[in-house]
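Below is one structure; the comments refer to it alone.
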Amino acid sequence: MDPILQAKDLNLWYGANQALHHITLDIPAHEITAFIGPSGCGKSTFLRTLNRMNDLITGVKIQGEVNFHGENIYEPSVDPTVLRRRIGMVFQKANPFPMSIYDNVAYGPRTHGIRGRKELDEIVERSLRSAAIWDEVKDRLKKSALGLSGGQQQRLCIARALAVEPEVLLMDEATSALDPISTSKIEDLAIELKSKYTVVMVTHNMQQAARISDNTAFFLLGELVEMGKTEKLFAYPQDKRTEDYITGRFG
């Protein structure tokens, strides 16, 4: 199967500082791919290149390609807004809008022109069910999203991302601020979602990568050191730096 996303010789600078060096990797469809590595190693920066979130940062320069279904997303003809609808993102800190639970999920579909109440009701319910939070919020859809717990807010943000029916879901350390029970719920959710979506996640938790990802990429100092099937990479790392990191010798 062809990869859904492909980076080819990707370099990125913040001003004069080069943050990514010659990244080349393939991301398979309908699998969970995890990026691991110490803080500041470039994994979140690389994740943000996959839906052009770095465009929003001044002074960023990018060379190379990121291909989505074989087309370079950095071509001038590509509309970043349309791209981010197809490649959604969930951030480290839950960021619900200060509005009702219903309006949080309906926000994206409305901006894309869906106005009918019945259709919006269906999208909201489907998205909340997909994010495994419907049963907890179905009786309080008109209440503020800010009244939810941290774990519920993060699942609401996942529902909000799913409401516009993306093909890929990027998760940037989406469980790092959560308690173990909420983390477990989101891990279970990620495993369920890969049947319909491609999931790409940054995690600083190696156990999490080992538990739920199909593929793991290890980043260090802005370079991709190694990528492979998760079981194989953890059991038989090919690079000494990968072995040192996963056995806790540094990082």
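Brief remarks follow.
- Residues of the stretch 222-251 that are surrounded by fewer than 18 Cβ atoms within 10 Å (Cβ to Cβ), touching a residue at least 40 places away in the same chain (Cβ under 8 Å) and either among the β-branched types (V, I, T) or under 26 Å from I87 (Cβ atoms) (or both): E223 alone.
- Listed by position, the helices (runs of 4 or more DSSP H) inside the stretch 205-251 whose residues that are among the charged types (D, E, K, R) and within 18 Å of the chain's Cα centre (by Cα) number at least 1 are 206-212.
- Residues that are part of a strand (DSSP E or B) and either surrounded by 18 or more Cβ atoms within 10 Å (Cβ to Cβ) or aromatic (F, W, Y) (or both), drawn from the stretch 1-24: L5, Q6, A7, L10, L12, W13, Y14, A19, L20, I23
- Of the set (1) at pLDDT below 95; (2) more than 19 Å from S213 (Cα to Cα), all apply to N67 but (1).
- Candidate set: the stretch 119-138, residues that are buried (at least 18 other Cβ atoms within 10 Å of the Cβ) and small (G, A, S); chosen: the one modelled with the highest pLDDT: S127
- Selection count where residues are outside any loop (DSSP other than H, G, I, E, B) and of a type outside the set (K, R), scope the stretch 167-204: 23
- Note on the stretch 25-52: residues that are at pLDDT below 95 and either of a type in the set (V, I, T) or in a helix (DSSP H, G or I) (or both) total 0.
- Among (1) assigned to a loop (DSSP other than H, G, I, E, B); (2) surrounded by fewer than 20 Cβ atoms within 10 Å (Cβ to Cβ); (3) touching a residue at least 60 places away in the same chain (Cβ under 8 Å) - the single one S77 does not satisfy: (3)
The values are calculated or read from the model by the stated rules, or taken from the named source; none is laboratory data. Not measured: the values here are computed from a predicted model. Every residue, glycine as well, gets a Cβ built from its backbone with ideal geometry; the counts of neighbours run over all protein chains shown.
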